[in-house]
Amino acid sequence: MVKRKKWVVFLLMGTLFMITPRITFAMHIMEGYLSPKWCLFWGIIAFPFVLKGMINIKHIVKEQPKKKMLLALVGAFVFVLSALKLPSVTGSCSHPTGVGLGSILFGPSVMSFLGVLVLLFQAILLAHGGITTLGANTFSMAIVGPIVAYFAFHGMKKANIKKDYCVFVAAALGDLVTYMVTATQLALAYPDSSLGFWGALGKFMSIFAITQIPLAIVEGIITVMVYNFLLEYYKGGEFFEEMQ
């Protein structure tokens, strides 16, 4: 059963890879797109969250060294999913985020630090995002997205909703909220000449809506499968009890 789920996950992720164009402009805010004041603003806001995440990861590694591999897996999951760039009918593109899984397993603060590492490597190695816009991209994908995913999961869990539904909604919402925040950041930086912030927000939101909603659904499904695979893999162990 575990092997079957594993192959289904690989099949879904492989399909996403095959339909991803080789050259595209990614949804991470690209280098030079934000003015220095906005780059500094989002960097300052993101810093304490990232610092808290680094401290929490150090604590986890020190107190529970067996979780190092799982931390690495969560980071790799975010890197792979958020590196997939799918074209939008409006001329831009969208991508999954992958932050829901780590938020559920380790909490949102851990994802803040892992997220900034992923975004940094993507900016350097893949030209996906940028160094100057790292703070803005971190705030949307690695801070707000994980926070929403975490509270969505635990809120539904307390309501005794089936675990698979909790994971699915958490992952999907974490994805969608990331793009809502990114759209807000772009609208603040580039308000519409006649309608101002709200006019620009509507335009930026519409750019990603058509592709991002189905992407969020796919991400939710993949996250459920990976989560259940981990439950089976760690079954009988201490971490299995925590995940339950």
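Report, by residue number, each residue of the stretch 169-194 that is open to solvent by less than 70 Å² (accessible area, probe 1.4 Å), of a type outside the set (A, V, I, L, M, F, W, C) and over 16 Å from I29 (Cβ atoms). Across the stretch 169-194, the qualifying residues are G174, D175, D192. Restricting attention to the stretch 25-83 and to residues that are among the small types (G, A, S) and assigned to a loop (DSSP other than H, G, I, E, B), the residue that is surrounded by the most Cβ atoms within 10 Å (Cβ to Cβ) turns out to be A26.
In the stretch 141-178, the qualifying residues are those that are aliphatic (A, V, I, L, M) and not in a helix (DSSP H, G or I), and the one that is farthest from Q122 (Cα to Cα) is A159.
Tally time: how many residues in the stretch 182-216 are out of contact with any Asp or Glu (no Cβ under 9 Å at 6 or more places or on another chain), in contact (Cβ under 8 Å) with a residue 12 or more places away in the chain and not small (G, A, S)?
Here is the first cut: in the stretch 182-216, the residues out of contact with any Asp or Glu (no Cβ under 9 Å at 6 or more places or on another chain) are 182-197, 204-211, 213-214.
Pick out the ones that are also in contact (Cβ under 8 Å) with a residue 12 or more places away in the chain and you get 182-189, 204-208, 210-211, 213.
Adding the requirement that they be not small (G, A, S) leaves 182, 184-186, 188, 204-205, 207-208, 210-211, 213.
Summing the residues that are out of contact with any Asp or Glu (no Cβ under 9 Å at 6 or more places or on another chain), in contact (Cβ under 8 Å) with a residue 12 or more places away in the chain and not small (G, A, S) in the stretch 182-216 gives 12.
A Cβ distance below 8 Å, combined with a sequence gap of six or more or placement on separate chains, defines the contacts here; from the stretch 104-121, residues that are without any contact (Cβ under 8 Å) to a residue 24 or more places away in the chain reach residues that are of a type outside the set (F, W, Y) and open to solvent by 10 Å² or more (accessible area, probe 1.4 Å) in the pairs L120/I131; L120/L134.
When the stretch 183-213 is filtered for residues that are among the hydroxyl-bearing types (S, T, Y) and farther than 19 Å from F41 by Cα, the ones remaining, listed by number, are S193, S194, S206, T211. Scanning the stretch 114-133 for residues that are in a helix (DSSP H, G or I) and surrounded by 24 or more Cβ atoms within 10 Å (Cβ to Cβ) yields L114, G115, V116, V118, L119.
The values are calculated or read from the model by the stated rules, or taken from the named source; none is laboratory data. What you see is a predicted model, and the numbers here were worked out from it, not measured in a lab. Reconstructed Cβ throughout: ideal geometry from the backbone, glycine too, with neighbour counts over all protein chains shown. Side chains included, ligands, DNA and RNA excluded: accessible areas come from the protein's heavy atoms. Shrake-Rupley method; radii C 1.70, N 1.55, O 1.52, S 1.80 Å.
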